Amino acid sequence: MEAELLITENWEAPPAAVELISRPHTLDETGLDHFFVADLLQKHLNLVSNQTLQQLSRHMALPGAVLEPVLHLLRREAKVESRGADLSGSGLRYALTDRGRAAALDALSRDGYCGPAPVLLADYELLVRRQSVSRCVVTEEGIHRLFRNTVVEESLLNQLGPAVHSGRAMFIYGPAGSGKSYISRQLVKLLAGPVYVPYSILVGDTVISLFDPEFHHPVHGEEQDPVHLTNGHDPRYTLCHRPEVTTGGELTLDMLDLKFDEQRKQYQAPIQLKASNGMLLIDDLGRQRVSHMDLLNRWIVPMEEKRDFLNLRAGQHFAVPFDMLLIFSTNLNPLELADEAFLRRIGHKIGFKTLEPEPYLRLWQQVCQEMEIEDDPEVTRLMMTELYPSQDNILLPCHPRDLLGLVRDYCRYRGVPPRLSEESIRWAWKNYFVHMDNVG
């Protein structure tokens with residue numbers, strides 16, 4: 001957490017991006033046409049009636065100056081009517097007429113989206129390029145600061161730093177428990193600066209929801225009034241920390257395509273689009289239910305062309321930007337997962353290894369301090385000279401936390417303060433490692 005604060009404490013809105021998403025003052029400046037905005041406005045009034053201009057503006061993320069002429073025309077067409085002033089004094093309340101309700105239901109039958117107004121795909125593409133991960137500068141000082149409280153070999157840091165700085169895909173491999181997943185998830189913190197994320201994008205007349213609170217975390221204090229401000233950025237975007245999307249054995253090919261909800265008639269962006277300008281970690285590669293070759297082949301064109309291709313149900317084929325720190329992580333042999341042609345397309349191949357005794361003991365002592373378990377040199381000697389040789393002296397970064405966690409469980413069960421002893425470490429060892437000679 002401390003490393004994250006050090007890297008993010010000076011984050012500011014990216015000036016190059018702000019220029020692209022300045023606050024619109026007219027309908028033309030949004031890139032949306034009158035009919036689309038009118039349909040969306042009627043959907044909102046169908047969902048919640050008797051809304052003021054201020055409320056509609058907040059729900060649609062469009063300034064009042066943009067919505068006023070649309071409301072005026074809808075009233076002239078007898079689709080919207082005013083219901084008098086709001087009790088709070090914030091303006092007239094608006095509701096649908098029978099004609100307007102029919103128009104709203106017709107619009108919902110074609111596209112069920114009813115949220116903040118979308119941005120044009122072309123505008124989003126330009127924004128993603130301005131916020132590209134390839135524009136992030138990663139320094140040797142920065143990566144050392146990030147991992148200063150983590151036991152990581154210097155040679156590994158010297159591989160990871162340039163890999164992140166390049167913005168190219170990387171292939172991380174090594175034995176299970178060697179720290180691949182943990183280290184990989186920290187790398188997104190090296191991508192300095194927040195990014196603007198639209199709530200949704202418009203492709204033709206179809207809206208695709210993009211913002212996902214699971215992956216997009218707004219920067220605190222970034223809220224702005226979408227009604228009264230004359231300056232500031234377009235409220236259809238929100239300033240977020242760079243997204244971090246992780247998927248593992250549950251990944252299937254259909255998760256990389258647009259998801260259409262038949263009942264709600266809405267499109268949801270695939271995970272790689274949600275990871276734009278951030279990081280996408282494909283963990284446990286080779287453990288998915290889908291063929292690993294089919295999965296890897298799915299990434300070849302996006303990695304080379306920096307764009308991905310998606311399809312709408314009607315058959316429309318369109319390109320979206322593909323900009324992220326893409327990481328493949330596996331504990332299987334890379335040469336058994338991918339051929340040399342694919343591996344050549346991966347910018348960086350980084351192997352994680354088991355630990356040597358000295359860094360392992362440093363990690364052990366660090367975890368002891370974190371768990372408030374006093375280290376006992378005699379117990380540690382027993383572990384290194386007797387117990388580990390029985391496991392072929394394979395020292396993994398996951399072992400200290402796992403073993404000491406079991407020691408703590410054992411001590412709590414016995415009703416004594418957590419402490420290392422020959423009894424507790426042998427109990428933890430027996431419960432942690434599989435011993436086939438005890439079976440049968």
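The values are calculated or read from the model by the stated rules, or taken from the named source; none is laboratory data. Keep in mind that what you see is a predicted model, and the values were worked out from it rather than measured. Note that each Cβ is placed from the backbone with ideal geometry, even for glycine, and that neighbours are counted across all protein chains shown. Side chains are part of the model used for accessible areas, which takes the heavy atoms of the whole protein and leaves out ligands, DNA and RNA. Shrake-Rupley method; radii C 1.70, N 1.55, O 1.52, S 1.80 Å.
From 381, 419, which residue is more than 19 Å from residue 178 (Cβ to Cβ) and free of Cβ contacts under 8 Å to residues at least 12 places away in the same chain?
381
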field: Candidate set: the stretch 345-363, residues that are of a type outside the set (Asp, Glu) and assigned to a helix (DSSP H, G or I); chosen: the one most open to solvent (accessible area, probe 1.4 Å)
entry: 362
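So that you can scan it fast, the table gives a plain yes or no per residue for (1) surrounded by 15 or more Cβ atoms within 10 Å (Cβ to Cβ); (2) assigned to a loop (DSSP other than H, G, I, E, B):
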position: 83; (1), (2): no, no
position: 125; (1), (2): yes, no
position: 129; (1), (2): yes, no
position: 144; (1), (2): no, no
position: 148; (1), (2): no, yes
position: 178; (1), (2): yes, yes
position: 188; (1), (2): yes, no
message: Based on this model, can you work out whether residue 367 counts as among the hydrophobic types (A, V, I, L, M, F, W, C), open to solvent by less than 80 Å² (accessible area, probe 1.4 Å) and more than 30 Å from residue 172 (Cβ to Cβ)?
response: no
message: Checking residue 168 against (1) open to solvent by 70 Å² or more (accessible area, probe 1.4 Å); (2) outside any loop (DSSP other than H, G, I, E, B); (3) of a type outside the set (Ser, Thr, Tyr); (4) within 23 Å of residue 303 (Cβ to Cβ): exactly one of these is not met. Which one?
response: (2)
task: Select from the stretch 330-344 the residues that are open to solvent by 80 Å² or more (accessible area, probe 1.4 Å) and of a type outside the set (Asp, Glu) and list them in ascending order.
output: 335, 344
task: Hey, can you tell me all the residues within the stretch 309-323 that are part of a strand (DSSP E or B) and either in contact (Cβ under 8 Å) with a residue 60 or more places away in the chain or open to solvent by 10 Å² or more (accessible area, probe 1.4 Å) (or both)?
output: 309, 311, 317, 318, 319, 320, 321
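Rundown of residues vs (1) touching a His at 6+ places or on another chain (Cβ under 8 Å); (2) under 24 Å from residue 133 (Cβ atoms); (3) surrounded by 13 or more Cβ atoms within 10 Å (Cβ to Cβ), yes/no style:
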position	(1), (2), (3)
255	no, yes, yes
260	no, no, yes
263	no, no, no
278	no, yes, yes
291	no, no, no
301	no, yes, yes
307	no, yes, yes
message: Report every pair of residues separated by at least 6 positions or lying on different chains whose Cβ atoms are under 6 Å apart, first residue within the stretch 142-166 and at negative phi and in contact (Cβ under 8 Å) with a residue 12 or more places away in the chain, second assigned to a loop (DSSP other than H, G, I, E, B) and open to solvent by 10 Å² or more (accessible area, probe 1.4 Å).
response: 161/138; 164/138; 165/138; 166/347
- line: Log entry, pairs with first residue in the stretch 65-77 being surrounded by fewer than 22 Cβ atoms within 10 Å (Cβ to Cβ), second being among the charged types (D, E, K, R) and not in a loop (DSSP other than H, G, I, E, B), beta carbons closer than 9 Å, six or more apart or on different chains, reads 75/81; 77/99
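Just to be sure before I move on: is residue 107 more than 30 Å from residue 82 (Cβ to Cβ), in a helix (DSSP H, G or I) and either modelled with pLDDT of 95 or more or open to solvent by less than 10 Å² (accessible area, probe 1.4 Å) (or both) in the structure I sent?
no
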- request: Report yes if residue 201 is crowded, with 16+ Cβ neighbours inside 10 Å, in contact (Cβ under 8 Å) with a residue 12 or more places away in the chain and closer than 30 Å to residue 400 by Cβ, otherwise no.
  value: no
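So that you can scan it fast, the table gives a plain yes or no per residue for (1) within 26 Å of residue 203 (Cβ to Cβ); (2) touching a Phe, Trp or Tyr at 6+ places or on another chain (Cβ under 7 Å); (3) acidic (Asp, Glu):
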position: 21; (1), (2), (3): yes, yes, no
position: 36; (1), (2), (3): yes, no, no
position: 49; (1), (2), (3): no, no, no
position: 82; (1), (2), (3): no, yes, no
position: 95; (1), (2), (3): no, no, no
position: 100; (1), (2), (3): no, no, no
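Mind counting the residues in the stretch 14-49 that are of a type outside the set (A, V, I, L, M, F, W, C) and within 29 Å of the chain's Cα centre (by Cα)?
Adding up the residues that qualify gives 9.
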message: Given the criterion surrounded by 16 or more Cβ atoms within 10 Å (Cβ to Cβ), over 20 Å from residue 244 (Cβ atoms) and not small (Gly, Ala, Ser), identify the matching residue among 196, 94.
response: 94
